[in-house]
Amino acid sequence: MADAVQQIKDKLSIVDVVSQYVKLDRAGSTLRARCPFHTEKTPSFFVSPDRGTFHCFGCNQGGDIFTFVEQIEGLDFKGALKILAEKAGVPLVYEKREVKDERDRLFELMEAATIFYTARLSEEAKKYLKARGVTETTIKEFRLGYAGSEWTELADYLKKKKFLDKEIVDAGLAKTRSTSLTTGNERGNLTDKFRNRIMFPIADSAGRVVAFSGRIFGENASPEAPKYLNSPETALFHKSRILYGFDRAKVAMRKVNCAILVEGQMDLLMSHQAGWGNTVAVSGTAFTDDHARLIKRMTENLVLALDADAAGIKAAGRAARAALAQGLNVKVAQLPEGLDPADLILKDSESWRAAIREAKDIITFLLDVLEKHSPLPDRFRRSVEMVVLPFLSDVQSPIARAQYIRDIARRLEVPESAIEEALQKVPTTPVSHAPTVPLPQKKARRNDHALHAYSLLIWEEALPKPHFDPAIYRAQLAEAVGESEMEKLDAIPELERERMRFSIERLFGASQNVARDAEESIFMLHEERLRHELAAAALALAAAETAADGGVQTADLEAKVRLLTGKIAELHKKV
Ligand SMILES: [Zn+2]
């Protein structure tokens, strides 16, 4: 595995990787961007192509391509490894079974189940999907499958593949049969969770299957069974953090700088087919802050395309508040009433495209809907106060907010100040920002020159092509500051060292004066130290002279003072 990591690092530059997620601007020899890990207006996120690392001075996150992908995709190391290996075209050879951890086993199990279901997608199921407009390509790409009517088919298959009962249950694919039900079938003590269903695998952002959603299908299906059944929460699946189709929409979301949110699998598949590869879906859950954060990593613009019925509008409202609170710009696509996106696309994909293109921002959307449905001005005013103002309080941009206030004031025919006053009274929802990493505790302030010179040293030491020989510089610096100070500097932890390297890199940029600065730093430090020693010797000499028995000492100290004075003079001659 260590080999693969190195191969990936050789093939992918940090710029290749980071620029897929954030727009980098050149700033000297480094590249700069607004940090994807915390909210900021001025860029404090730096990338060093030479050293293959990134660092944010705002939230203090930093590291290499693996750390970056882990953090931005919300993955563990293995997930990041998979993404980067694919990008680099480096095959991953997995270690033997015994050393794999539980999560790996679950991922493998989910993959085995996906293969099992896809192989069983019946002709009738395909016919049904095609009638609903899903193409053969989409069926294959999204790996749609089928769970038959047998009670233990999947569990039996997985057991044959050497998965344990516990693993199958932990993956959410089977339940332990209660004893009263065992009479019907003696083959095992597990029953499959999904039966008589068309299966939609749900993947994490690295494309690994973590859950399923099953739509009821087949003549044996019980009429009481729910239309859609989702995997339960498992070690791999946290529904509030996973969006259906996210792994396939990532590139498109960044490319067109916009994401479309629909509800449910069919809407998603149809929207992808209609050319909106930037569509993601919530399935069986409300749109959460975590979902909004996931989208925010790819784009700041979100279009909600939920059903046009009352429930859909309510859901859009909830989703919009979560999205606004995360700083997303939210628009709403107005669909003809009574048609969900899948139906609309099947009927007329052009009107779907138009609905997305002409999506209105959420506040205008709400104002329009309310104005239409409130014939009396008084009623309209009240609903604006109750429905629209809470949204307005979530809008993060002061400019956008001012524009909305103007629009609302115009529609209600009241002064803007009245809207502002009403807005003050709206209870605000706690805005949860991306998690911030606590800054390391501030250390006692060291000699600034020493710190500067040392930063320069460790920066040069990390550069593939240093400006001067760092080994010589290290020796000079050690001599200039003294061994004990050098030891202290060498003990600075790596995260802080990385911050120091980036500070220096920012300072010098593409400047050619690095070597001269290094020389000057050494000179200053050296002189500083000599002067310090001189001052100490002079003080000691003064003390010795006033003491009664200081005679012997006085001579030694006088010699020392002369020596130091000479050294300082020599130092100045050299420069
Ligand atoms: Zn940051």
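With the structure loaded, tell me whether T299 is at pLDDT below 90, open to solvent by less than 50 Å² (accessible area, probe 1.4 Å) and not basic (K, R) or whether it fails that test.
It is true that T299 is at pLDDT below 90, open to solvent by less than 50 Å² (accessible area, probe 1.4 Å) and not basic (K, R).
Every residue in segment 267-282 that is open to solvent by 10 Å² or more (accessible area, probe 1.4 Å) and assigned to a loop (DSSP other than H, G, I, E, B), please.
If the condition is that a residue be open to solvent by 10 Å² or more (accessible area, probe 1.4 Å) and assigned to a loop (DSSP other than H, G, I, E, B), then A274, G275, W276, G277 are the ones that fit.
Within the group E70, E86, which residue is closer than 24 Å to L294 by Cα, within 16 Å of the ligand (Cβ to nearest atom) and open to solvent by 20 Å² or more (accessible area, probe 1.4 Å)?
After applying the criteria, what remains is E70.
Out of (1) within 16 Å of the ligand (Cβ to nearest atom); (2) open to solvent by 40 Å² or more (accessible area, probe 1.4 Å); (3) in a strand (DSSP E or B), what's the single condition that is false for R26?
Looking at each condition in turn, R26 falls short on (1).
Looking only at residues that are part of a helix (DSSP H, G or I) and loosely packed, with under 15 Cβ neighbours inside 10 Å in segment 354-363, which one is nearest to the chain's Cα centre (by Cα)?
Per the criteria, the residue is R357.
Among the residues of segment 248-256, is any touching a strand residue (DSSP E or B) at 6+ places or on another chain (Cβ under 7 Å) and open to solvent by 30 Å² or more (accessible area, probe 1.4 Å)?
no
In the list Y473, Y454, which residue meets the criterion of being modelled with pLDDT of 80 or more, surrounded by 14 or more Cβ atoms within 10 Å (Cβ to Cβ) and in contact with an Asp or Glu (Cβ under 8 Å, 6 or more places away or on another chain)?
On inspection, the qualifying residue turns out to be Y473.
Does segment 15-55 hold any residues that are of a type in the set (A, V, I, L, M, F, W, C) and within 21 Å of A252 (Cα to Cα), and which are they?
If the condition is that a residue be of a type in the set (A, V, I, L, M, F, W, C) and within 21 Å of A252 (Cα to Cα), then V15, V17, V18, V22, L24, A33, C35, F37 are the ones that fit.
With respect to L81, is the statement that it is in a helix (DSSP H, G or I) and either near the ligand (Cβ under 9 Å from one of its atoms) or buried (at least 18 other Cβ atoms within 10 Å of the Cβ) (or both) true?
yes
Filter segment 206-232 for residues that are in contact (Cβ under 8 Å) with a residue 24 or more places away in the chain and not small (G, A, S) and give the result.
Across segment 206-232, the qualifying residues are R208, V209, V210, F212, R215, F217, N220, Y228, L229, N230, P232.
Taking only pairs six or more apart or across chains, which ones have beta-carbon atoms under 6 Å, a first residue in segment 384-398 that is touching a residue at least 40 places away in the same chain (Cβ under 8 Å), and a second residue that is part of a loop (DSSP other than H, G, I, E, B)?
P390/V426; Q396/G327
Which condition number does A147 fail, the rest of (1) touching a Pro at 6+ places or on another chain (Cβ under 7 Å); (2) buried (at least 19 other Cβ atoms within 10 Å of the Cβ); (3) of a type outside the set (S, T, N, Q) being met?
The one condition A147 does not meet is (1).
Taking only segment 370-404 into account, find how many residues are over 22 Å from Q424 (Cα atoms) and open to solvent by less than 30 Å² (accessible area, probe 1.4 Å).
1
Modelled with pLDDT under 85, outside any loop (DSSP other than H, G, I, E, B) and away from the ligand (no atom under 16 Å from the Cβ) - does that describe any residue in segment 12-23?
No, the conditions are met nowhere in segment 12-23.
In segment 40-52, which residues are under 16 Å from D10 (Cα atoms) and surrounded by fewer than 21 Cβ atoms within 10 Å (Cβ to Cβ)?
Result: P49, D50, R51, G52.
If we keep just the residues of segment 35-67 that are closer than 20 Å to E460 by Cβ and more than 15 Å from the ligand (Cβ to nearest atom), which is modelled with the lowest pLDDT?
So, considering only residues that are closer than 20 Å to E460 by Cβ and more than 15 Å from the ligand (Cβ to nearest atom), the one modelled with the lowest pLDDT is D50.
On the basis of being in contact with a Lys or Arg (Cβ under 8 Å, 6 or more places away or on another chain) and closer than 19 Å to S213 by Cβ, does S283 make the cut?
yes
List, please: which pairs have Cβ atoms under 6 Å, are six or more places apart or on different chains, and start with a residue in segment 27-39 that is within 16 Å of I14 (Cα to Cα) and end with one that is among the acidic types (D, E) and away from the ligand (no atom under 15 Å from the Cβ)?
Cβ pairs passing all conditions: T30/E505; R32/D25.
The values are calculated or read from the model by the stated rules, or taken from the named source; none is laboratory data. Nothing here was measured: the structure is a model prediction, and the numbers come from that model. Cβ sites come from the backbone with ideal geometry, for glycine too, and all protein chains shown count toward neighbours. Ligands, DNA and RNA are stripped out before the accessible areas are found, and what is left, the full protein with its side chains, is counted by its heavy atoms. Shrake-Rupley method; radii C 1.70, N 1.55, O 1.52, S 1.80 Å.
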